[in-house]
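Trainee: I have a structure here, written as structure tokens, and I will follow up with some questions on it.
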């Protein structure tokens, strides 16, 4: 896996599995990082993806909202995105931003 810095405080490693792609996120997710994650998911052209948050230290409220909007757009396009490895603090912020709801609605 190749690690790529995509925003000031966020890096992504991409892993391809049989029917899905896993994006391993590392660092802090803010609005610009969330927008980049959304762009990556849209560009993959897959119907299933996993976002691994196990190495995410923090998510700010704007990043959570941006990710929620992107996940809703992906869901409307038929893409299923699962969120994995959520700490309690990260899950709480994603819930407030609508990202957990957007991902859960796609399952």
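Trainee: Determine the gain in length on full extension of the stretch residue 89-residue 47; use 0.36 nm per residue of separation and subtract their C-alpha separation, reporting nm with one decimal.
Mentor: Gain on stretching residue 89 to residue 47: 12.3 nm.
Trainee: Find the relative contact order for the chain and round it to a whole percent, using C-alpha pairs within less than 8 Å whose residues are 6+ positions apart.
Mentor: Here the relative contact order equals 24 percent.
Trainee: If you don't mind, another one. Quick one: order 69, 12 by neighbouring beta-carbon count within 10 Å, fewest to most.
Mentor: 69, 12
Trainee: When 1/r is averaged over all different Cα pairs and the result inverted, which Kirkwood radius in Å belongs to the chain?
Mentor: 13.2
Trainee: Further question on the same structure: May I ask you to list the residues of segment 68-107 whose amide nitrogen lies under 15 Å from a point 7 Å from Cα along the Cα→beta-carbon direction of residue 22?
Mentor: 82-86
Trainee: Now, a different point. Along the Cα→Cβ direction, 7 angstrom out, place labels at residue 8 and residue 82. What is the inter-label distance in nm?
Mentor: For residue 8 paired with residue 82, the spin-label model returns 3.4 nm.
Trainee: Now, a different point. Under a crude label model (7 Å from the Cα following the beta-carbon direction), how far is residue 55 from residue 104 in nanometres?
Mentor: 2.8
Rule-based calculations on the coordinates, nothing more; no lab input. Quantities reported herein were computed from a predicted structural model and do not represent experimental measurements. Glycine gets a Cβ as well: all are built from the backbone with ideal geometry, and neighbour counts include every protein chain shown.
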